[in-house]
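K.L.:
Following this message is one structure expressed as structure tokens.
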Amino acid sequence: MARRDIGTDDPRVRVRPARSKPRRSKKQVDYSASPTAFVFAVDRGRIHVQMGDTKLVGVKARALGRHGIVVGDQVRVTGDLSGKSGSLARIVEVLPRQTELTRSAEDSPGAKEKPMVANANQMAIVTACADPLPRPGMIDRLLVAAYCAGIEPLLLVTKSDLTSPEPLLELFRPLQVPSVVTSIESGEGLDEVAELLAGRVSVLVGHSGVGKSSLMNTLIPDAARSTGHVNQVTGRGRHTSTSVMALPYQDGWLIDTPGIRSFGLAHISEEDLLAAFPDLAEVATRCPKLCPHLQSSPGCQLSSLEETDPAQERRVESFRRLLASQHSQNTLV
Ligand SMILES: Nc1nc2c(ncn2[C@@H]2O[C@H](COP(=O)(O)OP(=O)(O)OP(=O)(O)O)[C@@H](O)[C@H]2O)c(=O)[nH]1
Ligand SMILES: [Zn+2]
């Protein structure tokens, strides 16, 4: 190879040889034969994955650039796949997500969206009958987030030994949200909830004190997750365990979301939400263009539906309540 003229004969001055070929794009590397793994925790750049029965710790390959990796992601791994202590795998590809639960930092339009959990197919909205009192506004917002992400909601009402869950259930009946009522005191609903969560990837959300940890500890007795208030992965105390984390459960996963304080819904449009209610969406096709589908919207066909079909009245009302909830400021804590 001909020497390049570097403008000096000084041997201490060295240059790299000119690149004869353009750098090969990392995208061209085919990793389709590499094994896949499930991301169950992400902690300060370390990605914890489960590959078959083996738990691995990995780091993101440089080729992935700024591609975020969140709990629930299915990834391809290479490198040291032994799972031995101190070994490090390389995450080389993130498979397309089936669902993505995102939240925007605030409710203002243009707020940044952040993916939180990937590939969940069920959102268990954990809420207590009492102590603390249910917060229907927050449940509405979580429902909006679930519907718009294509995740099936499940209303998981805890502490039924304290008071009747009926008023809360009644509020959500028109939306036909599946629900289950539990108590770790009386044992009510525990078998049912186990059945509803088995074989699925469920993300559990709920604010502090509703009994989410108690429930998870009942379902997965050896998880020792939160009663000890220690993060399973990091071994650190509760105050630092604000990260999302998945625990294997009956051929599926339970994804806990401690420390999630709010759900900005700025990234969601009326049409996204409407799509989750096919019966209403069908009626709304006859609405005026850009109809916001509110009670005050002139010519909104949902209002006509209320008149012609009283049975649907509460459903339309509830749907409109969800629409409105997008603009309210309910936080989880
Ligand atoms: N009466 C009654 N109390 C319950 C039930 N489930 C949980 N609790 C109590 O409610 C309190 C809060 O329960 P946790 O499981 O720690 O609630 P959490 O939602 O995980 O709250 P954080 O740990 O703050 O995130 C504890 O004192 C539990 O003993 C229930 O079914 N009935
Ligand atoms: Zn309309």
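The values are calculated or read from the model by the stated rules, or taken from the named source; none is laboratory data. In this text, all values refer to a predicted model and were calculated from it rather than measured experimentally. Neighbour counts run over all protein chains shown; Cβ positions are idealised from the backbone, glycine included. Only protein heavy atoms, including side chains, enter the accessible area calculation; ligands, DNA and RNA are left aside. Shrake-Rupley method; radii C 1.70, N 1.55, O 1.52, S 1.80 Å.
K.L.:
Which residues, counting only those in segment 77-94, are open to solvent by 70 Å² or more (accessible area, probe 1.4 Å) and more than 10 Å from A61 (Cβ to Cβ)?
P.N.:
Residues satisfying the conditions are K84, S85, G86, L88.
K.L.:
Give the residues of segment 127-153 that are closer than 15 Å to V117 by Cβ and within 16 Å of ligand 1 (Cβ to nearest atom), sorted by residue number.
P.N.:
Residue satisfying the conditions is L142 alone.
K.L.:
Considering S179, S202, S160, which residue is within 8 Å of ligand 1 (Cβ to nearest atom) and of a type in the set (S, T, Y)?
P.N.:
S160
K.L.:
A further question on this structure: Can you tell me how many residues within segment 276-330 are open to solvent by 40 Å² or more (accessible area, probe 1.4 Å), among the aliphatic types (A, V, I, L, M) and away from ligand 2 (no atom under 15 Å from the Cβ)?
P.N.:
Number of matching residues: 1.
K.L.:
So, in segment 277-310, how many residues would count as being in a helix (DSSP H, G or I) and more than 26 Å from I151 (Cα to Cα)?
P.N.:
The total comes to 8.
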